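Notes follow the structure.
Coordinate-derived values only; no laboratory data. Note that the coordinates shown come from a computational prediction; the quantities given were computed from them, not determined experimentally. No Cβ is skipped: glycine too gets one built from the backbone with ideal geometry, and neighbour counts run over all protein chains shown.
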Amino acid sequence: ELADHSNFEEVAFLILNGELPSPDQLAAFRKRVYYAMRLPDAISGTLAAIPATANFMDVMRTGASMLAHWDDDVAAGDHDANLRKSERLLAQLPMVMAVRHRHLMGMPPVTPREDLSLAGNILWMLRGSEPAEIDVKAMDVSLILYAEHEFNASTFTSRVVASTLSDLHSGITAAIGALKGPLHGGANERVLDVLQQVGTPENAAKWVNDALVNKVKIMGFGHRVYKTGDPRAKYLVSLCQKLATRPEYQQMEATAKVIEDVIVREKGLPPNLDWPSARLYYYMGLPVELYTPLFVVSRVVGWSAHVIEQLENNRIIRPRSRYTGPAARAYPKEC
């Protein structure tokens with residue numbers, strides 16, 4: 001229902017506050033987020049100074065960590081301070097992504113606009129051109145669907161950090177480090193690799209069967225939680241079809257359908273959210289290195305809410321381990 005009827009700002013407010021906003025609350029929330037969409041010059045300079053070869057997720061992690069130094073609430077751990085920091089990170093992390101991307105493209109940063117939604121501003125700041133309505137809708141829905149997803153690896157990481165009574169920025173920085181891993185946040189980047197390797201619908205069935213025989217893991221299918229299908233994935237499929245206006249995009253849609261059919265038939269694994277999201281971002285003209293940073297921009301809301309929740313009734317998270325090494329040995333008396 002949220003993906004059908006809401007927008008990302010409403011969902012972000014809901015996740016952080018527990019209730020959907022009234023019209024006045026939503027307007028005030030949007031205004032606070034917009035006015036927080038600024039980066040200190042020192043951070044912008046650092047984003048330009050980081051080597052071009054650096055992994056984009058490393059840049060996002062560095063950006064999140066640096067933002068703490070300019071946040072007036074950084075040392076405060078009360079509920080209201082953490083809400084304020086969460087809103088600022090929601091505004092600032094898209095700026096980190098956009099400023100870095102524009103620098104790599106040899107272009108100056110683009111100032112956000114108050115008349116655009118957060119999804120619209122992300123596209124505006126990346127491209128520097130007026131975003132099409134369908135692109136804004138697609139971005140908005142993808143942000144909603146990625147915003148929160150219970151106890152995944154990065155969220156658990158953020159809660160472990162929070163449980164030590166560290167600060168919110170530290171929890172978010174650690175979560176970004178966890179999300180960088182290809183078994184978590186990098187999956188949609190590898191989905192695009194698969195689609196481009198396969199190329200055409202005619203090649204798809206053989207490619208998949210060969211991959212299955214050779215036990216190659218095909219990203220974008222199956223889920224640790226959803227055994228009968230990821231309910232989030234279907235919302236992006238129709239948007240993919242609407243955005244697939246070029247012949248090469250239509251061919252990719254056909255290729256994706258064959259791959260999906262074979263994997264469902266042979267392995268019983270339905271697609272997860274990463275399967276359509278890779279195509280969606282590709283049809284929007286977004287470079288693949290932005291796919292996981294976009295995940296950060298969305299999921300920072302969920303991470304922040306988990307950090308706040310952890311601190312409301314905190315106990316340090318300290319799992320025990322089961323020893324599986326050699327049996328007890330005597331210390332050698334002669335050595």
Report summary line: For segment 190-218, pairs from a residue that is within 13 Å of E260 (Cα to Cα) and touching a residue at least 60 places away in the same chain (Cβ under 8 Å) to a residue that is of a type in the set (G, A, S) and in a helix (DSSP H, G or I), with Cβ under 6 Å and 6 or more apart or across chains, are V191/A278; V198/A204
Report task. Would you mention how many residues in segment 81-115 are of a type in the set (D, E, K, R), touching a Leu at 6+ places or on another chain (Cβ under 8 Å) and touching a residue at least 60 places away in the same chain (Cβ under 8 Å)? Result -> 2
Query raised in the report: Looking at V296, V288, which one is closer than 30 Å to F29 by Cβ and out of contact with any His (no Cβ under 6 Å at 6 or more places or on another chain)?
Result: V296
Report task. Search segment 23-40 for residues being part of a helix (DSSP H, G or I) and aliphatic (A, V, I, L, M), and hand back the single one that is nearest to R102 (Cα to Cα). Result -> V33
Report task. Could you grab me the full set of residues in segment 143-181 that are assigned to a loop (DSSP other than H, G, I, E, B) and crowded, with 18+ Cβ neighbours inside 10 Å? Result -> A147, E148, N152, D167, K180
Report task. Please verify whether segment 98-118 includes one or more residues that are out of contact with any strand residue (DSSP E or B) (no Cβ under 6 Å at 6 or more places or on another chain), among the polar types (S, T, N, Q), in a loop (DSSP other than H, G, I, E, B) and surrounded by fewer than 18 Cβ atoms within 10 Å (Cβ to Cβ). Result -> yes
Report task. Give segment 41-75 a look and list any residue that's exposed (fewer than 15 other Cβ atoms within 10 Å of the Cβ) and either in a loop (DSSP other than H, G, I, E, B) or of a type in the set (G, A, S) (or both), or say none. Result -> A42, G45, A48, A49, P51, A52, T53, A54, N55, D72, A75
Report task. Please find, among Q251, Q310, the residue that is farther than 19 Å from V191 by Cβ, touching a Ser or Thr at 6+ places or on another chain (Cβ under 8 Å) and in contact (Cβ under 8 Å) with a residue 40 or more places away in the chain. Result -> Q310
Query raised in the report: Just a yes or no: is a residue in segment 271-278 in contact (Cβ under 8 Å) with a residue 12 or more places away in the chain and surrounded by fewer than 22 Cβ atoms within 10 Å (Cβ to Cβ)?
Result: no
Query - Subset of segment 123-142 that is within 21 Å of S6 (Cα to Cα), touching a residue at least 40 places away in the same chain (Cβ under 8 Å) and among the aliphatic types (A, V, I, L, M) - its residue that is surrounded by the most Cβ atoms within 10 Å (Cβ to Cβ) - result: M139
Report task. Could you run through segment 41-70 and say how many residues are within 9 Å of V96 (Cβ to Cβ), of a type in the set (A, V, I, L, M, F, W, C) and out of contact with any His (no Cβ under 7 Å at 6 or more places or on another chain)? Result -> 4
Query raised in the report: Does any residue of segment 279-294 turn out to be over 14 Å from the mean Cα position of the chain (by Cα), under 19 Å from I176 (Cβ atoms) and among the polar types (S, T, N, Q)?
Result: no
Query raised in the report: Does segment 287-335 hold any residues that are among the acidic types (D, E) and not in a loop (DSSP other than H, G, I, E, B), and which are they?
Result: E289, E309, E312
Query raised in the report: Which numbered condition trips up K234, out of (1) of a type outside the set (A, V, I, L, M, F, W, C); (2) surrounded by 18 or more Cβ atoms within 10 Å (Cβ to Cβ); (3) in contact with a helix residue (DSSP H, G or I) (Cβ under 9 Å, 6 or more places away or on another chain)?
Result: (2)
**Report entry** Residue among L20, L93 that alone is part of a loop (DSSP other than H, G, I, E, B), within 27 Å of L239 (Cβ to Cβ) and of a type in the set (A, V, I, L, M, F, W, C)
**Finding:** L20
